[in-house]
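Read the structure below first, then the notes.
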Amino acid sequence: MAAEIVRERWKGKVFEMMLGREPHTVRVGGDTSLPFMHFEGTTVRPVTALEVQDVAPADWPAVLRAPFAGVLEDPAAWAKRCVELGADLVALRLAGAHPENGDADAGAVAAVARRVAEAVDVPLIVLGCGLEEKDARILPAVAEALEGRNCLLGQATMDNYKAVVAGCLAYGHGVVATSPLDINLAKQLNILITEMNLPPDRIAMDPSIGPLGYGIEYAYSIIERKRLGALSGDRMLAQPVICLVGEESWKTKETQAGDISEWGDQERRAVLWEAMTAVTLALAGGSIFVFRHPDSLTRFNRTIDALMHQQVY
Amino acid sequence: MALTGLAIYKLLPKTNCKDCGQATCLAFAMQLAAGKASLEACPHVSAEAREALGAASEPPVALVRIGREGRVLEIGNETVLFRHDKRFVHPPGIGIIVADTLDDDRLTARISAINRLSFDRLGQIHGVDLVALAYDSADPARYLRALRQVLSQTELNLGLLCPDPDVAGRALAEAEERKPFLYAADEGNLETMVDLAHRYGIALAVRGRDLAELAVLAEKAIKLGHKQLLLDSGAREPAQVLADQTQIRRLAIKKRFRPFGFPTVCLAAGEDAVLAAAVYVAKYAGVVLIDTTDPAEILPLITWRLNVYTDPQKPIAIEAKVYEVGNPGPEAPVFLTTNFSLTYFCVMGDIESARVPAFILPVDTDGTSVLTAWAAGKLTPEKIGAFLETSGIGARVNHRRLIIPGGLAAMSGKLREVIGWEIIVGPRESAAIPAFLKELQ
Ligand code: SF4
């Protein structure tokens, strides 16, 4: 009895999205198979971003601050460091717009975004402070300040998407559509956004992942189901998935706790926590990964290199 | 090979007696064909029918047991390709490779490092399952000496990575009581290895150079009468391992290809072995072997295994009522959180690790986290007040102090007005709860 290789035939594909401007564009999505099943279709290599914040983060542990020593107070220099460290994109988190963290206004954060954009050539992702109301006010200004850079702006939710998407439409950006861990809500948000005439290939889905140990399995299965949906031809589940692995991983006690003998060295453990969160979600079908620690990004990339090898059958 | 539901139905008694739990014989036949039921459930099936049903009546992936009674590692019996289709059932065993070339002292150190690889997660201990002793020395005496040391220094289950049947036979004579698995039978030693495994009633790994050879060898082993097998396609490159694992699972489930109806064994090696191991844990490994004793590597891997093998049908929301941690008295602190199961379990775990008895009140927010619920207007002072009232917490404590998540600091004034309790703003992240509780006391 011979083993006959089983090849799935899919009719759909993940939307392909181009970010940034020539000659520094980055391609995201476009996959025609389950992740890394090279024998039955194309897997497009997932892309990486490193996170930069507009104000120096107060709650980052020393092992996370160390790689950015000297630039944490200067988002533009920090962004340059990210590119040197190998990030395909830079993700600017406008944490300083949060009312409890400085309450910077739209004009101020737009100026920071412009400075960061001038410092690097790679495409940008710009994320607000996470408060839906505030983000609805600041992101349109950011969109205008970054006109022509073809960025990804977010996070647009069910409650604030209109303002965010309007900014993207007016100034030529894509949008990060964020929904709680629920595939139907993700789909509904995609529909609402495309009804505003943003093309379906200008959306990245953010499933609000939980990190390793804290709900990653929900995100893993939702991303896997989205990929299966995309491959089966559902155009409202076919947007590339973005995973904020850095932000989520560095909240856990496993990354925050110092060197303790039962858990081993903090830096190695924390880096692996972030890298494993990313590798497993790439295996589910994630396309864009936003990291905090450069070593996590390096380890992720090495593993993806290995998974991108052709298979022999 | 795979039988259709109708073909199976023809072989059943057709009495519709319902003893199998299904309404009709046909319904039962359909369940069998889909791999969702076992023929055992029908007490009336004839011996001839049982024979004829053969493959269709067996689970698509056999259950394989490693280890002695009381500590058995059960793997296999999986029925799906994606955990969201139903669930993954038996978490893969994680085995640490130990070379027999280590001298006695280093071997002792390594075994004790392996014994320490266990972690408390929400009150449960999770650790590695196996010590896999590799016959690298090419010196039988050295292997047996190392084996005796392993046997006396750990209670963990064993794998004998020893393709030399002579040495394996001598090792098994000493380790028989542990019921180790034996790795691996290949083209050159298949018959003697099967014979050994059979004699000792243990699981045997079969290794091919590729999937095609693996199928041939596994079929031979089955014909020789051994059905406790583990499969190794010989691949070591992560991309090829992932593809082979996928093919083995697809063929077992979709095609009922008998030679691949067994759990697999994967070896993760290299600089990023633990990340490759995480890939294999998600994609179908029955046993993952890895060469590290670093808790910083094993803790994330074990956590990932736990996550992938949780039941996806487990509700994302828990019931909104008063929960107790420890044995809280009337003075115990009262924590407010949401009924998103993960939020709740984090808070619970962190209070537990602080060893302070407390009450937890998870408000019904449709299973969303604190910030999501707040942003969506599902966590208002009025709603919290109503829940406090109906929960009956007021009668169980002699104080009126409510600890709220740091993310809700902005509503503390309003909340105090509405519910009339003193509000204490707790930390934003539950991980900071132990430190917070220390300060509070
Ligand atoms: S127990 Fe057997 S005979 Fe009775 S209904 Fe089920 S399949 Fe039919």
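The values are calculated or read from the model by the stated rules, or taken from the named source; none is laboratory data. Source: prediction; values computed, not measured. Because the Cβ atoms are built from the backbone with ideal geometry, glycine has one as well, and the counts that use them run over all protein chains shown. SASA here: full protein model, heavy atoms, side chains in, ligands and nucleic acids out. Shrake-Rupley method; radii C 1.70, N 1.55, O 1.52, S 1.80 Å.
The figures follow:
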item	result
Residue in segment A:131-139 that is away from chain B (no Cβ under 14 Å) and touching a strand residue (DSSP E or B) at 6+ places or on another chain (Cβ under 9 Å) present	yes
Meets criteria (open to solvent by 10 Å² or more (accessible area, probe 1.4 Å) and among the aromatic types (F, W, Y)) for A:Y220	no
Helices (runs of 4 or more DSSP H) fully within segment B:369-441 counting 2 or more residues that are touching a residue at least 24 places away in the same chain (Cβ under 8 Å), over 21 Å from A:G210 (Cα atoms) and of a type outside the set (V, I, T)	B:381-391, B:412-419, B:433-440
Helices (runs of 4 or more DSSP H) contained entirely in segment A:199-313, each with at least 3 residues that are within 10 Å of chain B (Cβ to nearest Cβ)	A:216-231, A:253-256, A:266-284, A:294-307
Answer from B:R116, B:R83, B:R121 - the residue that is under 15 Å from the mean Cα position of the chain (by Cα), more than 22 Å from B:T246 (Cβ to Cβ) and within 14 Å of chain A (Cβ to nearest Cβ)	B:R121
Hits in segment B:3-26 - residues which are assigned to a helix (DSSP H, G or I) and either more than 9 Å from the ligand (Cβ to nearest atom) or open to solvent by 50 Å² or more (accessible area, probe 1.4 Å) (or both)	B:G5, B:L6, B:A7, B:I8, B:Y9, B:K10, B:L11, B:L26
Residue under evaluation B:V89, criteria (1) outside any loop (DSSP other than H, G, I, E, B); (2) away from the ligand (no atom under 15 Å from the Cβ), criterion not met	(1)
Any hit, segment B:56-78, residues being within 16 Å of the ligand (Cβ to nearest atom) and crowded, with 20+ Cβ neighbours inside 10 Å	yes
Segment B:264-281: number of residues that are within 15 Å of B:L63 (Cα to Cα) and either open to solvent by 10 Å² or more (accessible area, probe 1.4 Å) or assigned to a helix (DSSP H, G or I) (or both)	0
Answer from B:L342, B:L251 - the residue that is at pLDDT below 95, surrounded by fewer than 24 Cβ atoms within 10 Å (Cβ to Cβ) and part of a helix (DSSP H, G or I)	B:L342
Answer residue from segment A:161-196, given it is in a loop (DSSP other than H, G, I, E, B) and modelled with pLDDT of 95 or more and is nearest to A:A91 (Cα to Cα) among those	A:H173
Scan of segment B:311-328 for residues that are in a loop (DSSP other than H, G, I, E, B) and either at pLDDT below 90 or open to solvent by 30 Å² or more (accessible area, probe 1.4 Å) (or both), ordered by number	B:D311, B:P312, B:Q313, B:K314, B:P315, B:I316, B:I318, B:E319, B:A320, B:K321, B:G326, B:N327
Every residue from segment B:128-182 that is part of a loop (DSSP other than H, G, I, E, B), open to solvent by 10 Å² or more (accessible area, probe 1.4 Å) and not acidic (D, E)	B:V128, B:Y135, B:S137, B:A138, B:L156, B:P163, B:K179
Residue satisfying all of: in segment B:411-431; touching an Asp or Glu at 6+ places or on another chain (Cβ under 8 Å) and within 14 Å of another protein chain (Cβ to nearest Cβ); surrounded by the most Cβ atoms within 10 Å (Cβ to Cβ) among these	B:S430
Candidate set from segment B:200-233 (those that are farther than 21 Å from B:I66 by Cβ and small (G, A, S)); member that is farthest from the other protein chains (Cβ to nearest Cβ)	B:A212
Among residues of segment A:123-148, those that are crowded, with 22+ Cβ neighbours inside 10 Å and modelled with pLDDT of 95 or more, counted	12
Of the criteria (1) surrounded by fewer than 23 Cβ atoms within 10 Å (Cβ to Cβ); (2) touching a residue at least 24 places away in the same chain (Cβ under 8 Å), which one A:A177 fails	(1)
Single unsatisfied condition, B:A29 versus (1) open to solvent by less than 50 Å² (accessible area, probe 1.4 Å); (2) at pLDDT below 85	(2)
Residue check for B:A37: away from chain A (no Cβ under 14 Å), at pLDDT 90 or above and near the ligand (Cβ under 10 Å from one of its atoms)	no
Positions within segment B:93-126 being open to solvent by 20 Å² or more (accessible area, probe 1.4 Å), at pLDDT 95 or above and outside any helix (DSSP H, G or I), in sequence order	B:I97, B:A99, B:T101, B:L102, B:D103, B:R116
